Amino acid sequence: MYFREHNIPEINDFNVLIKFRRMGIGSKLMDIAEEMIRERSKVADIGVGLYSDYGNAQVLYVKRGYVPDSQGIHNGQRFIQYGEKVTIDDDIVLYFTKKLATKGIQGDKNHESRTECFNSKK
């Protein structure tokens, strides 16, 4: 996977129990995860499911500045190609990346997709 090959840490299996949602817990946990990642990398990676059960997570990641990596959906082993048929389940994800700001710097300039990383390699 791209993020492993380029030492981009992945936030994996991130969730908040339903009875504790809408209390800011997810945002606090993301703050801590991003701070830990910032010590090792300038970019964080997270995969999110495609169906409605993941709607709150999709919104949270976008609000936090994560952008789709433009590689399409992934089935846990590889990216899905045009015309392939898949069953949408918990293994089918869309990856998002975020360029992490150095401490004290925030704003839209801190977003970087995996595509931008690819393009800089060409």
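Couple of notes before you dig in:
- Selection count where residues are within 20 Å of V16 (Cα to Cα) and in contact with a Ser or Thr (Cβ under 6 Å, 6 or more places away or on another chain), scope the range 27-79: 1
- Number of positions in the range 2-32 that are of a type outside the set (V, I, T), farther than 13 Å from A57 by Cβ and surrounded by 14 or more Cβ atoms within 10 Å (Cβ to Cβ): 5
- Enumeration of residues in the range 1-58 that are under 14 Å from the mean Cα position of the chain (by Cα) and among the aromatic types (F, W, Y): Y2, F3, F14, Y54
- Selection within the range 1-47: residues that are among the hydroxyl-bearing types (S, T, Y) and at pLDDT 80 or above. The member of this set that is nearest to I80 (Cα to Cα) is S41.
The values are calculated or read from the model by the stated rules, or taken from the named source; none is laboratory data. All figures in this text were calculated on a predicted structure; none of them were measured in a lab. Using ideal geometry, Cβ is built from the backbone for each residue, glycine included, and neighbour counts are taken over all protein chains shown.
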